[in-house]
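> Okay, handing you the structure first.
The values are calculated or read from the model by the stated rules, or taken from the named source; none is laboratory data. Quick caveat, the model's predicted, so the values are computed rather than measured. Note that each Cβ is placed from the backbone with ideal geometry, even for glycine, and that neighbours are counted across all protein chains shown. Calculation scope for accessible area: heavy atoms of the full protein, side chains included, ligands and nucleic acids excluded. Shrake-Rupley method; radii C 1.70, N 1.55, O 1.52, S 1.80 Å.
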Amino acid sequence: MVIPNVLSPEWCRWLMHVHDTEGNEASGFLQQVKGESVLLSDAEIKVRRDHVVPGGSPLEAEIRHIFSRRVIPEIVRATHSPIQRHELFKIVRYEAEEGGHFRPHRDNTASAGRTRRFAVTLNLNTGDYDGGHLVFPEYGDIGYRPATGEAVVFSCSLLHEARPVTRGSRYVLLAFLH
């Protein structure tokens, strides 16, 4: 599902600024190893930098308010699935110079993420980068590239990937909803 106009261009620019000035770190991924959810790092699978929005911060409260007003009602209307909570929001950057990408994966296979129902990928910029499309390989090779401020919402059970960014930087606000 694509939800237009979730964030204004000004908000998107602000979130990119937050990512770049308030700290970010290389992102890992959860994998089930011997019955445990383990955070791993492998550049063949994922290259991305994340800024985790602190829980309880004014920024987290404002994003939560925007989601409760604009995103969650659309999910409930389309799926009849109530949303009870969310994980910490992440402002992420896929950088061409670093080979930014995330190979095909599902967001709810590790035990730590099993209750995840929906993922939200909200583009913070477009036109500033090439590549970086969101693709659902089980449904073909169609690449999705939402406009600035638009969100794509999908089941965490779907296989998906962020294709490599080949020029510039792609910024995204990510959320997992339960």
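> Condition test on LEU30, is it surrounded by 12 or more Cβ atoms within 10 Å (Cβ to Cβ) and part of a helix (DSSP H, G or I)?
No: the conditions fail for LEU30.
> Hey, another quick one. Would you mind finding the one in SER81, SER111 that is within 23 Å of VAL6 (Cβ to Cβ), among the hydroxyl-bearing types (Ser, Thr, Tyr) and out of contact with any Asp or Glu (no Cβ under 7 Å at 6 or more places or on another chain)?
Only one candidate qualifies: SER81.
> A further question on this structure: Counting only residues that are surrounded by 12 or more Cβ atoms within 10 Å (Cβ to Cβ) and either without any contact (Cβ under 8 Å) to a residue 12 or more places away in the chain or of a type in the set (Val, Ile, Thr) (or both), how many does the range 62-76 have?
Pass one, the range 62-76, residues surrounded by 12 or more Cβ atoms within 10 Å (Cβ to Cβ): 62-64, 66-68, 70-76.
When the remaining residues are screened for being either without any contact (Cβ under 8 Å) to a residue 12 or more places away in the chain or of a type in the set (Val, Ile, Thr) (or both), the result is 62-63, 66, 68, 71-73, 75-76.
So the count comes out to 9.
> Which numbered condition in (1) open to solvent by 40 Å² or more (accessible area, probe 1.4 Å); (2) at pLDDT 95 or above; (3) over 27 Å from LEU40 (Cα atoms) is the only one that SER157 fails?
Of (1) open to solvent by 40 Å² or more (accessible area, probe 1.4 Å); (2) at pLDDT 95 or above; (3) over 27 Å from LEU40 (Cα atoms), only one is false for SER157: (3).
> Can you name every residue in the range 161-178 that is of a type outside the set (Asp, Glu), more than 15 Å from THR126 (Cα to Cα) and open to solvent by 10 Å² or more (accessible area, probe 1.4 Å)?
Matches in the range 161-178: LEU174, PHE176, HIS178.
Conditions (1) open to solvent by less than 30 Å² (accessible area, probe 1.4 Å); (2) among the charged types (D, E, K, R), marked per residue:
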position	(1), (2)
ARG93	no, yes
SER111	no, no
THR121	yes, no
ASP128	no, yes
PRO137	no, no
GLY140	no, no
ARG145	no, yes
VAL153	yes, no
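> Restricting to the range 9-27, name every residue that is open to solvent by 90 Å² or more (accessible area, probe 1.4 Å) and either small (Gly, Ala, Ser) or outside any loop (DSSP other than H, G, I, E, B) (or both).
Result: GLU10, ARG13, TRP14, GLU25.
> Scan the range 51-86 for residues that are of a type outside the set (Val, Ile, Thr), within 19 Å of ARG116 (Cβ to Cβ) and assigned to a loop (DSSP other than H, G, I, E, B) and jot them down. Full working, then the answer.
Restricting attention to the range 51-86, the residues satisfying the condition of being of a type outside the set (Val, Ile, Thr) are 51, 54-62, 64-65, 67-70, 73-74, 77-78, 80-82, 84-86.
From the residues that got through so far, the ones that are within 19 Å of ARG116 (Cβ to Cβ) too are 55, 60, 64, 67-68, 74, 78, 80-82, 84-86.
Of everything in the range 51-86, those that are of a type outside the set (Val, Ile, Thr), within 19 Å of ARG116 (Cβ to Cβ) and assigned to a loop (DSSP other than H, G, I, E, B) turn out to be GLY55, HIS80, SER81, PRO82, GLN84, ARG85.
> Let me ask something else. When you scan the range 138-178, how many residues do you find that are outside any strand (DSSP E or B) and either closer than 12 Å to VAL2 by Cα or touching a residue at least 40 places away in the same chain (Cβ under 8 Å) (or both)?
13
> Restricting attention to the range 42-58, and to residues there that are touching a strand residue (DSSP E or B) at 6+ places or on another chain (Cβ under 9 Å) and either more than 28 Å from ARG103 (Cβ to Cβ) or β-branched (Val, Ile, Thr) (or both), which single residue is surrounded by the most Cβ atoms within 10 Å (Cβ to Cβ)?
Taking the candidates together, the pick is VAL53.
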